[in-house]
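**Student:** Structure below; questions to follow.
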Amino acid sequence: MKIRIKGNSVRIRLTRTEVDNFGKDGYLEEHTEFGGTTFSYALQKVQEGDSLAAHYKDNKITMTVPDAMVREWTTTEKVGYDANMSTGDGKQMFLLLEKDYKCVDAPSHEDQSDNYEHPTLTCN
């Protein structure tokens, strides 16, 4: 599971195995160690709702995904979901959840063997 944070946007990408595990378990979590502090990010299935949402507590970002979306996303070719979530005071956070595709136009130093085949000829 990979996370990209830029300004008021959070993007999470999952490999094939992670998508399968999320479909079965309804929860994934990763950790990054910073000396004596740990930053975590998680993906959690929720029973209610109709959109992605997220919250930050105790050094952890948790993105929640409604059950209906989880079922569709993990059993079809659907690439992902996005949402604009209000953070209060008229501000928004953009959320994006997507399947991780192999990069086809640039060499990568990461293992991409479990990524989805890229449907286009370019990589972002």
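**Student:** Thr38: net charge of surrounding residues, Cβ under 13 Å, Lys/Arg +1, Asp/Glu -1, itself excluded?
**Tutor:** Working: positive: Lys60; negative: Glu29, Glu30, Glu33, Asp58.
The answer is -3.
**Student:** Which of Met63, Met93 comes first, and how do the rest follow, when ranked by fewest Cβ neighbours within 10 Å?
**Tutor:** Working: Met63 22, Met93 17.
Sorted ascending by nearby Cβ count, the order is Met93, Met63.
**Student:** Per residue of the stretch 89-96, what does 6.51 cos²θ - 1.76 cosθ + 1.60 with θ = phi - 60° give for ³J(HN,Hα)? Whole Hz please, x for Gly and Pro, Karplus curve as stated.
**Tutor:** 6, x, 9, 10, 10, 8, 10, 9
**Student:** As a footprinting exposure proxy, order Tyr81, Tyr27 by other Cβ within 10 Å, with the fewest listed first.
**Tutor:** Working: Tyr81 17, Tyr27 12.
Final ranking by Cβ density, sparse to dense: Tyr27, Tyr81.
**Student:** Suppose each label sits 7 Å from its Cα in the direction of the beta carbon; what would the Tyr56-Thr17 distance come out to in nanometres?
**Tutor:** The answer from the label model is 3.0 nm.
**Student:** With a Förster radius of 35 Å, plug the Cβ-Cβ distance of Thr76 and Thr38 into 1/(1 + (r/R0)^6) and report the FRET value to the nearest 0.05. Present the calculation step by step, with values, prior to reporting the outcome.
**Tutor:** Numbers: r = 34 Å, r/R0 = 0.98.
Approximately 0.55, to the nearest 0.05.
Each reported figure results from applying straightforward, stated rules to the coordinates on display, with no laboratory input. Every value quoted in this text rests on a predicted model; they were computed, and no experiment measured them. Because the Cβ atoms are built from the backbone with ideal geometry, glycine has one as well, and the counts that use them run over all protein chains shown.
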